[in-house]
Amino acid sequence: MRNTVLLSLLASIVLPCNAQRVLSLDSCRAMALRTNKQVAVARMKQDVATNTRRAARTKYLPKVDAVGGYELLSKEVSLLNDDQKAALNNLGTNLVNGMSGSLTQTITGLAQQGLITPQQAQAFGQMASQSMPQLANTLNGVGTDIRRAFRTNNRNMMGLSVMVRQPVYLGGAITAANRIADINEQMMAHSADNIVQNTLYNVDQTYWLVVSLNQKNKLARSFLDLVTKLNSDVQKLIREGFATRADGLKVSVKVNEAEMAVTQAEDGLALARMLLCQQCGLPMDSQIVLEDENRDQLSAVSAADPDMGVETAWENRTELKLLGHAIDISRETTKLVRAAYLPQVAVVGGYMLTNPNVYNGFEKRFSGVWNIGLMVRVPIWNWQEGAYKVRATRAATSIASLELDEARELIELQVSQEQFKVKEANKKYGMSLKNVEKAEENLRCANLGFAEGVMSATEVMEAQTAWLQAQTQKIDAEIDVRLTQVGLKKALGVLN
């Protein structure tokens, strides 16, 4: 039974330890870059810019369009009016009626002149009366066929057209648009680099904040142990009559302050861990332990190359690259605006099908025709609109150039400030180490004097407070050395 209890206790101790995840600074950085939403958005914007650039390349290539349609009209187009249609329908009847009277008169005149006998005239008249209706019907049919041949029959209209367009010269607009697409793709890449650097900078800040708060938490506990022991010693002296109650109250207040400091340090450490988990894409209640937080001596600082100066920042800072690209885009925009007011030439060609088609007497079937042509557009007068727009874009280019110059000056100032901060942090760190040695010696002497009875509890508390302050300054200076190095690398544009 005793062995079972011991195993259970051991498991309860080991399992929480195993649940904790040890993270280094590099692993935190890698997880942050892998899960950061802004980094993912920046990569998607790069894909958008790449596809936009590819789309701009297609402007050089011919375009093929197909258009089809159907239209129902309430009336059809007629090439003949109603009187002409009626005349064609009765063509034979009208001709026969006109010919019958003149034919009768001719036969009668011939008989009167004695050229033909009355019997022959009667026979001719019977023959004409018998053949005229047949001739009229035949000619009426011919007229009807003519009327039908002139019918358009276009109430149901269908058409299909395939057109090919090849730009020849558009005033340089296509070249300028492609150049803008190339620059935009580069800008998206630099924007992504800027977001990556900002993400790394934020992760580094939070990582060393957690390390700092953990060190201060351990320091607060150590200070609590000191004042607790002092409080115990003073209470013994009070009982023996070697110390006053006022001394005990002073020490008790110090104990309460130390306990409050421990609580504040633990709360701050918990919040900082949650922030780091959020930045690394982990659940905020994850149990993590940082590689550097439990070390008495932090890892060596990866200092920036001393040869790196403001020229390095000018070459690497993404802000300057983005402003430079903005100037290039502004110049290409000027060319694009000017191209709209220059002559434009394009070759067009295609094939068109219609039903009914007009190429064979409005035949009710599909028929088509090839076509090819040259289209030229020449702007003649626009009241100087193009000149005004070109001037506006040139002014935008000048503005971007001034912004670039100002940014270079500000970055030069920022690099100088960060270099000064690095030097100052290193000096403070060296001084803090000396202060810690002195504070520890002072505390040792105070504790020895208090044990010998030659120093009061107040003097011991002052030594303890000085020791706490020196240790706190050492932690702050040690973390500040790392943060200033990170800030300098970011200012130089080499944080990666």
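The values are calculated or read from the model by the stated rules, or taken from the named source; none is laboratory data. Values in this document were obtained by computation on a predicted structure and should not be read as measured data. For neighbour counting, all protein chains shown are included, and Cβ atoms are generated from backbone atoms with ideal geometry for every residue, glycine included. For accessibility, only protein heavy atoms count, side chains too; no ligands or nucleic acids. Shrake-Rupley method; radii C 1.70, N 1.55, O 1.52, S 1.80 Å.
Quotient of the Cα radius of gyration of segment 183-312 and 2.2 N^0.38 Å, N being its number of residues: 1.66.
The coefficient of translational diffusion for the chain, derived via Stokes-Einstein from the alpha carbon Kirkwood radius under 10 °C and 1.306 mPa s, stands at 46 µm²/s. Between the helical axis of 25-35 and the longest alpha-carbon principal axis of the chain there is an angle of about 20 degrees. Residues L276, L374, ordered by accessible area of protein heavy atoms at a 1.4 angstrom probe radius and largest first, appear as L374, L276. Coupling constants for segment 267-280 follow from the phi torsions by the Karplus curve (6.51 cos²θ - 1.76 cosθ + 1.60, θ = phi - 60°), and in residue order they are 5, x, 5, 5, 5, 5, 4, 4, 5, 5, 4, 4, 5, 8 Hz; glycine and proline get x.
Restricting attention to the chain, close to 90% of DSSP beta bridges with both partner residues there are antiparallel.
Normalised radius of gyration for segment 152-207, please: alpha carbon Rg relative to 2.2 N^0.38 Å, two decimal places.
Numbers: Rg = 26.0 Å, N = 56, 2.2 N^0.38 = 10.2 Å.
Scaled against compact globular proteins, the figure is 2.56.
Within the same chain, lysines fewer than 8 places from K428 are excluded, and of the rest, those with a Cα less than 30 Å from its Cα are K216, K218, K254, K438, K474, K489, K490.
For segment 312-376, what is the accessible area per residue in Å², given a 1.4 Å probe and the full set of protein chains?
Accessible area per residue: 55 Å².
Counted residue by residue at 0.36 nm each, then reduced by the alpha carbon distance between them, the extension gain from T244 to K427 reaches 61.5 nm. Per residue, segment 224-286 exposes an accessible area of 61 Å² to a 1.4 Å probe, with every protein chain left in place.
For L170, the amide hydrogen comes within under 5 Å of the amide hydrogens of V345, counting only partners 5 or more places away or on other chains and with H modelled in the peptide plane. If you fit an axis through the alpha-carbon atoms of helix 385-452 and take the longest principal axis of the Cα set of the chain, what angle between them do you get, 0 to 90°, nearest 10? Orientation of helix 385-452: about 20 degrees from the principal axis. Run down the aspartates and glutamates and flag those whose C-alpha is under 18 Å from the C-alpha of K321, throwing out any fewer than 8 positions away in its chain. Those aspartates and glutamates meeting the cut-off are D182, E185, D193, E311, E332, E403, D405, E406, E409, E412. The calculated 222 nm mean residue ellipticity attributable to helices in the chain amounts to -25500 deg cm²/dmol, summing -39500 (n - 2.57) over DSSP H runs of n ≥ 4 and dividing by all residues. Computed with a 1.4 Å probe on the full set of protein chains, the accessible area for T333 sits at about 50 Å². The angle between the Cα long axis of helix 37-57 and the main principal axis of the chain comes to about 30°, on a 0 to 90 degree scale. Backbone amide hydrogens, once placed in the peptide plane, bring L290 within less than 5 Å of L23, excluding anything fewer than 5 places away on its chain. Of all lysines in the structure, those lying under 26 Å Cα to Cα from K85, and not within fewer than 8 positions of it along the same chain, are K75, K364.
Going from most exposed to least, what order do R317, R148, R155 have by accessible area with a 1.4 Å probe? Working shown, then result.
On the way: R317 20, R148 150, R155 100 Å².
Per-residue accessible area, sorted high to low, gives R148, R155, R317.
Heavy-atom accessible surface of V162, to the nearest 10 Å², is about 60 Å², with a 1.4 Å probe and all protein chains retained. Under 5 Å between amide hydrogens, built in the peptide plane, is the criterion, and for N357 it picks out E363, R365 among residues at least 5 positions away or on other chains. In the chain, Cα pairs under 8 Å separated by at least six residues give a relative contact order of 22 percent. Here the calculated FRET efficiency for Q287 and F150, from their Cβ-Cβ distance with R0 = 60 Å, stands at 0.05, rounded to the nearest 0.05.
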